[in-house]
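Student: Pasting a structure here, questions to come.
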Amino acid sequence: MWVVTLRPTHTLQFDAAASRRLAPLRVEYSHARAADVLAQADTLAAIGFGDATLNHDDPRWLRVRLQADASAPMEIWRTTGRVTHGRDGEVAWASDGNYGFAALNVDESAHDGIAGAARHAYAALAQWSRRSATPHFLRVWNYLDAINEGSGDAERYRRFCAGRAAGMDAAFTAAYPAATAIGLRDGRRVLQVYALTARVPGRTVENPRQTNAWRYPRQYGPAAPGFARAMRAPSVAPQLYISGTAAIVGHASHHPEDLAAQLEETLVNLRSLLAAAGSGTALCGASPLKIYVRHAQDLAAVRDLLRARLGEAVPLLLLEGDICRRELLLEIEGIHSG
Ligand code: 3EB
């Protein structure tokens, strides 16, 4: 009998690919002082939530006006390299050469409404990315006022989707980033978009339990939402950026009016997504989750249910915000390392 020993002739090629991989971004929820965090050279971005948050004149600082209890932590992104930052037109940016942070606020009134503002925001981000060392979009967050206002195709979320689709060019459509789109309630009509980008592309992951969002049927609006269910980072250790995930199976919302059942369905979706990504581990201390809850009076119940299901180790950041379909009561996003 012949025994064939396979020689690792592909080693060189594999090493070349590995050298294109990045150290994982470090993401944490923290109650530190924003000024102290911004003084640190490895801070790529710091995001504060709620009215209690102060303004800082630093391109790495972002204030998201979602209602949060006064003790809501801020989210901090840290890199391993030295971070530079600046402003390029409307886009505030930071980069260490491997990862990029880019953010802008667009006044709807200057762009004939939410669709024009979305189109403008995405065109500006695409333009910025082409001049950047980190042109590949991994993850995008979108916050807009009164997301459920208007009916049918006139609903503001649907008009946002149409404008986003019009503003997205190959910088986004080659591989849709993971995303979140959540409603503010501040009446300011300023679209807020921020993104995490990278020097090398990630890999999109879709959820076998859910229709790919970019293939949603016409009944959900004239332009399907351009996002992937998750994005695997191009990192040496596995890291998965999980899009806002809700109680949607196929393309239909499930369990209207039932908070606990929506939460369970969402957790099933998250597990399905982790499995599809080939992630070996469950949600854990290295999986900070952000939870958007439609009704303030549900916040405590959602926190208790999640603690009961996931344990004490998983970092949770709960925010009050509107989900893009009226019947949905909560949505969960996260970053999973492992
Ligand atoms: C969904 O699964 C819920 O339009 O960017 C989740 C994540 C949702 C991102 C977006 C929308 C978006 O369709 C809504």
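The values are calculated or read from the model by the stated rules, or taken from the named source; none is laboratory data. For clarity, every value in this text was computed on a predicted model and none was experimentally measured. Backbone-built Cβ (ideal geometry, glycine too); neighbour counts: all protein chains shown. The protein model used for the area step is the full one, side chains on, heavy atoms only, and it has no ligands, DNA or RNA in it. Shrake-Rupley method; radii C 1.70, N 1.55, O 1.52, S 1.80 Å.
Student: Percent of Cα-Cα pairs more than 12 Å apart in the range 90-142, please. Walk me through the numbers on the way to the answer.
Tutor: Details: 883 of 1378 pairs.
Above the 12 Å cut-off, the range 90-142 has 64 percent of its Cα pairs.
Student: If amide hydrogens are placed 1.01 Å from N in the peptide plane, which non-local residues have theirs closer than 5 Å to the one on Thr204?
Tutor: The answer is Arg232.
Student: How much of the DSSP bridge set in the range 290-338 is antiparallel, in percent, rounded to the nearest 5? Don't skip to the end; give the middle numbers.
Tutor: Values: 4 of 8 bridges.
Of those bridges, close to 50 percent are antiparallel.
Student: For the chain, calculate the relative contact order in percent as a whole number, restricting contacts to Cα pairs under 8 Å that are 6 or more residues apart. Mind dumping the intermediate values first?
Tutor: Details: 780 pairs, mean separation 54.9, N = 338.
Taking the mean separation of contacting Cα pairs over the length of the chain, I get 16 percent.
Student: I would also like to ask the following. Quick check on the range 205-285: take the gyration tensor over C-alpha atoms, sort the square-rooted eigenvalues as a ≥ b ≥ c, and tell me if it's rounded (a/c under 1.5), prolate or oblate.
Tutor: On the way: a/c = 2.62, a/b = 1.32, b/c = 1.99.
Oblate, since a/c reaches 1.5 and b/c is not below a/b.
Student: Per residue, what accessible area does the chain have, given a 1.4 Å probe and all protein chains present, in Å²?
Tutor: Numbers: 14470 Å² over 338 residues.
Result: 43 Å² of accessible area for each residue.
Student: Can you work out the Karplus-derived ³J(HN,Hα) for every residue in the range 291-301? Use 6.51 cos²θ - 1.76 cosθ + 1.60 with θ = phi - 60°, whole Hz, and x for glycine or proline.
Tutor: 10, 9, 10, 5, 10, 3, 5, 8, 4, 5, 5
Student: Would you mind working out the magnitude of the charge dipole of the range 195-280 relative to its Cα centre, with +1 at each Lys and Arg C-beta and -1 at each Asp and Glu C-beta, to the nearest 20 Debye?
Tutor: Its charge dipole is roughly 500 debye.
Student: Separate question: Say R0 is 22 Å: what FRET efficiency, to the nearest 0.05, do Asp304 and Ala282 get from their beta-carbon distance? Mind showing how you got there, number by number?
Tutor: Values: r = 19 Å, r/R0 = 0.88.
Rounded to the nearest 0.05, the efficiency is 0.70.
Student: Also, quick follow-up: Share of the range 16-237's accessible area from carbon and sulfur, percent, 1.4 Å? List each step's numbers first, then the result.
Tutor: Working: 4260 of 8930 Å².
Of all accessible area on the range 16-237, carbon and sulfur atoms account for 48 percent.
Student: If you count, for each residue, the other Cβ atoms within 10 Å and average over each peptide, how do 274-286, 322-334, 185-197 line up from highest to lowest? Could you put the intermediate results ahead of the total?
Tutor: Working: 274-286: 16.0, 322-334: 22.6, 185-197: 20.0.
Taking the mean over residues of other Cβ atoms within 10 Å, the ranking is 322-334, 185-197, 274-286.
Student: Additional query: Taking K and R as +1 and D and E as -1, what net charge do the other residues with C-beta under 14 Å from the C-beta of His85 add up to?
Tutor: Details: positive: Arg60, Arg78, Arg82, Arg87; negative: Asp42, Asp57, Asp58, Asp88, Asp96.
Once positives and negatives cancel, what remains is -1.
Student: Farthest toward the dipole's positive end in the chain, which of Gly202, His295, Pro315, given Cβ charges of +1 (Lys, Arg) and -1 (Asp, Glu) about the Cα centre?
Tutor: Comparing the listed Cα positions along the dipole, Gly202 ranks first.
Student: If the only charges are +1 at each Lys and Arg Cβ and -1 at each Asp and Glu Cβ, what is the size of the charge dipole of the range 59-152 around the Cα centre, to the nearest 20 debye? Could the numbers behind the result be given before it?
Tutor: Numbers: 10 positive and 10 negative charges, 111 e Å.
About 540 debye.
Student: If you don't mind, another one. Please give me the summed charge of the neighbours of Leu299: other residues whose Cβ is under 12 Å from its Cβ, Lys and Arg +1, Asp and Glu -1. If you can, show how the numbers build up before the last one.
Tutor: On the way: positive: Arg294, Arg303; negative: Asp69, Asp298, Asp304, Glu320.
Net charge in that neighbourhood comes out at -2.
Student: Return the calculated 222 nm mean residue ellipticity for the chain, to the nearest 500 deg cm²/dmol, obtained by summing -39500 (n - 2.57) across DSSP H runs with n ≥ 4 and dividing by the residue count.
Tutor: Numbers: 7 runs with 77 residues, N = 338.
So the calculated ellipticity at 222 nm is -7000 deg cm²/dmol.
Student: May I ask what percent, to the nearest 5, of DSSP beta bridges between residues of the chain are antiparallel?
Tutor: Details: 54 of 73 bridges.
In the chain, DSSP labels about 75 percent of beta bridges as antiparallel.
Student: Follow-up. With a sphere of radius 9 Å drawn around the Cβ of Leu184, what net charge do the other residues whose Cβ falls strictly inside it have (Lys, Arg +1; Asp, Glu -1)?
Tutor: Numbers: positive: Arg65, Arg185, Arg188; negative: Asp145, Asp186, Asp322.
Every neighbour counted, the sum reads 0.
Student: So, one more: Normalised radius of gyration for the chain, please: alpha carbon Rg relative to 2.2 N^0.38 Å, two decimal places.
Tutor: Details: Rg = 19.8 Å, N = 338, 2.2 N^0.38 = 20.1 Å.
Relative to the rule-of-thumb radius for its length, the chain sits at 0.98.
Student: Report the percentage of all Cα-Cα pairs in the range 181-327 whose separation exceeds 22 Å, rounded to a whole percent. Walk me through the numbers before you get to the answer.
Tutor: On the way: 4760 of 10731 pairs.
Summing the P(r) of the range 181-327 above 22 Å gives 44 percent of all pairs.
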